[in-house]
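To keep things clear, I will list the structure first and then write my remarks on it.
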Amino acid sequence: MIRAHFLAQFLPTHEYDRTVATFECNAVLLQAVGKRIVVPGWKVLFSASSEEEADDSGGRSQILPVLQIGTRCDVQDLHLKSLKTEPPKAYTEGTLIKAMKTIAKLVKDPRLAQKLKETTGIGTEATRAGTIQGLIDRGSLIKKGSALRATEAAFSLIDAVPPAVADP
């Protein structure tokens, strides 16, 4: 794995064409997403299964035919799936520490995100674990197995923080 990541830096950029087609059928909007790899680039070093996982469409990749705006299409087959959304996976101490380091990715304000990148996120290597332990000790977080969960007290505190402070 380390060797593949090292070699990847010397290969060309992975390039692909992504097509998004939106259709209206009986006043319902449908969407099809297609992806065609133009230059495999550095991704040739990694297995096909990891490419599918990295696919931003969240599912199988397909190539769409050439379409023009206004092209009429007939629905030939329809499959309905009854799915339920699932909550995001709970943080563990390790994943929470990683999120604290890379929190800039979640910040919308570019100026604030840049500042968080420069300071490598929230806290320092030496203080992040202690901060999490402090939240556990004060009852803001509880451990269920290896998962960390916010308590009602934590949600009350979050709700009490003015929006201008919570999301500057």
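The values are calculated or read from the model by the stated rules, or taken from the named source; none is laboratory data. Fair warning: this is a prediction, and the values are worked out from it, not measured in the lab. Glycine gets a Cβ as well: all are built from the backbone with ideal geometry, and neighbour counts include every protein chain shown.
Might you check whether a residue that is of a type outside the set (Gly, Ala, Ser), at pLDDT below 80 and surrounded by 11 or more Cβ atoms within 10 Å (Cβ to Cβ) occurs anywhere in the range 13-21?
Checked against the condition, which is being of a type outside the set (Gly, Ala, Ser), at pLDDT below 80 and surrounded by 11 or more Cβ atoms within 10 Å (Cβ to Cβ), the range 13-21 yields no hits at all.
Kindly provide the set of residues from the range 111-139 that are part of a loop (DSSP other than H, G, I, E, B) and loosely packed, with under 14 Cβ neighbours inside 10 Å, ordered by number.
Across the range 111-139, the qualifying residues are THR119, THR124, GLU125, ALA126, THR127, ARG138, GLY139.
What's the total number of residues in the range 61-110 that are among the small types (Gly, Ala, Ser), exposed (fewer than 10 other Cβ atoms within 10 Å of the Cβ) and at pLDDT below 85?
1
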